[in-house]
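Enquirer: First the structure, which I've put down as structure tokens, then a few questions once you've had a look.
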Amino acid sequence: MKERAVSRSAAGDLVVPRSVAVIMDGNGRWAKSAGLERIRGHERGIDAVRTTVTECARLGVEALVLYAFSEENWQRPQREIDLLFGLLKRFLVEERDTLMQNRVRLLHVGRRQRLAPDVLERLDAAVALTANNAGMRLGLAIAYGGRQELVDGVQRIAAAVRAGRLEPAAIDEATVRAHLYHPELPDPDLLIRTAGEQRISNFLLWQTSYAEFHACAKCWPEFGAAELHEAFRDYGRRTRKFGKVP
Ligand code: FPP
């Protein structure tokens with residue numbers, strides 16, 4: 001509903017969603033098709049992350065959430081997990097200037113329990129560094145699962161009931177929202193998934209109830225400003241009814 005048209009000079013007639021979420025898929029496939037190791041795909045994926053973050057910030061997106069590592073991804077080979085977290089740690093240091101220059105405020109969306117101390121340290125440092133930035137909020141979903149987020153929220157709600165701070169009959173949608181990891185983040189208006197897949201894969205299950213879905217055929221390392229603009233153009237053609245009669 002809350003969206004703004006951007007002038008032709010900025011990027012064509014784009015309708016810029018207030019909130020965008022991305023399932024960055026196809027790093028492995030891209031690497032394989034180029035005859036490279038899977039990790040090279042993840043490495044190239046960082047360039048696509050940088051482009052997407054800076055372009056979304058430039059166009060005035062208020063919140064962007066990127067699915068970088070799911071709770072299910074812990075089942076990948078340990079070597080790939082280690083390499084992915086190595087890249088993530090590098091990203092959290094090397095991209096600081098990009099985040100600051102674009103006034104991006106970083107947030108971690110996900111569980112902290114299984115993250116290594118050195119990952120947490122860099123994550124917390126980047127979150128703290130960017131905490132006063134007033135521009136786009138960037139949620140990095142790391143060790144994230146939509147079901148796990150709801151389980152964690154339900155546990156906290158149950159604890160509040162047991163402590164006598166909450167009546168079961170008073171639990172409503174606002175209560176559940178308030179117990180998500182970042183209740184302040186607006187629900188995604190647009191959910192983009194690359195590599196042609198059309199699955200939600202346990203991403204932002206509560207928040208994507210009314211998100212418009214855009215499947216991009218290209219793999220994540222090939223995703224650039226042109227593909228982002230195409231997603232926004234596609235979004236601009238949708239009629240959003242939210243279950244009502246328009
Ligand atoms: C999916 O591709 C991608 C991931 C599981 C990881 C995403 C990570 C990055 C883009 C790089 C690091 C990110 C940040 C924010 C520093 P896949 O491996 O499932 O690809 P496939 O389906 O083709 O095998």
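The values are calculated or read from the model by the stated rules, or taken from the named source; none is laboratory data. None of the values given here were measured: they were computed from a predicted structure. A quick note on method: Cβ atoms are made from the backbone with ideal geometry, for glycine too, and the neighbour counts reach across all protein chains shown.
Enquirer: Within region 17-26, is even one residue within 7 Å of the ligand (Cβ to nearest atom), under 21 Å from the mean Cα position of the chain (by Cα) and of a type in the set (S, T, N, Q)?
Expert: Looking through region 17-26, none of the residues is within 7 Å of the ligand (Cβ to nearest atom), under 21 Å from the mean Cα position of the chain (by Cα) and of a type in the set (S, T, N, Q).
Enquirer: Go through region 34-71 and report how many residues are near the ligand (Cβ under 9 Å from one of its atoms) and closer than 19 Å to residue 196 by Cβ.
Expert: 9
Enquirer: Are there any pairs, at least 6 apart or on different chains, whose C-beta atoms fall under 7 Å, with the first in region 131-143 and within 20 Å of residue 17 (Cβ to Cβ) and the second within 16 Å of the ligand (Cβ to nearest atom) and of a type in the set (Ser, Thr, Tyr), and if so, which?
Expert: Note: pairs meeting the criteria are 141/67.
Rundown of residues vs (1) closer than 30 Å to residue 82 by Cβ; (2) touching a strand residue (DSSP E or B) at 6+ places or on another chain (Cβ under 6 Å), yes/no style:
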site: 129; (1), (2): yes, no
site: 132; (1), (2): no, no
site: 191; (1), (2): yes, yes
site: 209; (1), (2): no, no
site: 212; (1), (2): no, yes
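Yes or no, residue by residue, for (1) within 16 Å of the ligand (Cβ to nearest atom); (2) in a helix (DSSP H, G or I); (3) not basic (Lys, Arg):
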{"position": "135", "(1), (2), (3)": "no, no, yes"}
{"position": "141", "(1), (2), (3)": "yes, no, yes"}
{"position": "147", "(1), (2), (3)": "no, yes, no"}
{"position": "152", "(1), (2), (3)": "no, yes, yes"}
{"position": "155", "(1), (2), (3)": "no, yes, yes"}
{"position": "158", "(1), (2), (3)": "no, yes, yes"}
{"position": "177", "(1), (2), (3)": "no, yes, no"}
{"position": "180", "(1), (2), (3)": "no, no, yes"}
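Enquirer: Could I ask something else about it? Please go through region 204-246 and pick out each residue that is at pLDDT below 95 and basic (Lys, Arg).
Expert: 237, 238, 240, 241, 244
Enquirer: Please count how many residues of region 167-223 are closer than 17 Å to residue 150 by Cβ and touching a Ser or Thr at 6+ places or on another chain (Cβ under 9 Å).
Expert: Residues meeting the conditions: 9.
Enquirer: Quickly run through region 83-109 and pick out the residues that are within 25 Å of residue 146 (Cβ to Cβ) and more than 12 Å from the ligand (Cβ to nearest atom).
Expert: Once the filter is applied, which keeps residues that are within 25 Å of residue 146 (Cβ to Cβ) and more than 12 Å from the ligand (Cβ to nearest atom), region 83-109 yields 104, 105, 107.
Enquirer: If I go through region 197-246 residue by residue, how many of them are within 16 Å of the ligand (Cβ to nearest atom), in contact (Cβ under 8 Å) with a residue 60 or more places away in the chain and over 30 Å from residue 174 (Cα atoms)?
Expert: Total meeting the criteria: 9.
Enquirer: Residue by residue through region 116-164, note down the ones that are within 18 Å of residue 100 (Cα to Cα) and surrounded by fewer than 13 Cβ atoms within 10 Å (Cβ to Cβ).
Expert: 128, 131, 132, 134
Enquirer: I'm trying to understand the selection: among the residues of region 56-89, which are without any contact (Cβ under 8 Å) to a residue 12 or more places away in the chain and either closer than 14 Å to residue 102 by Cβ or among the basic types (Lys, Arg) (or both)?
Expert: Across region 56-89, the qualifying residues are 76, 79.
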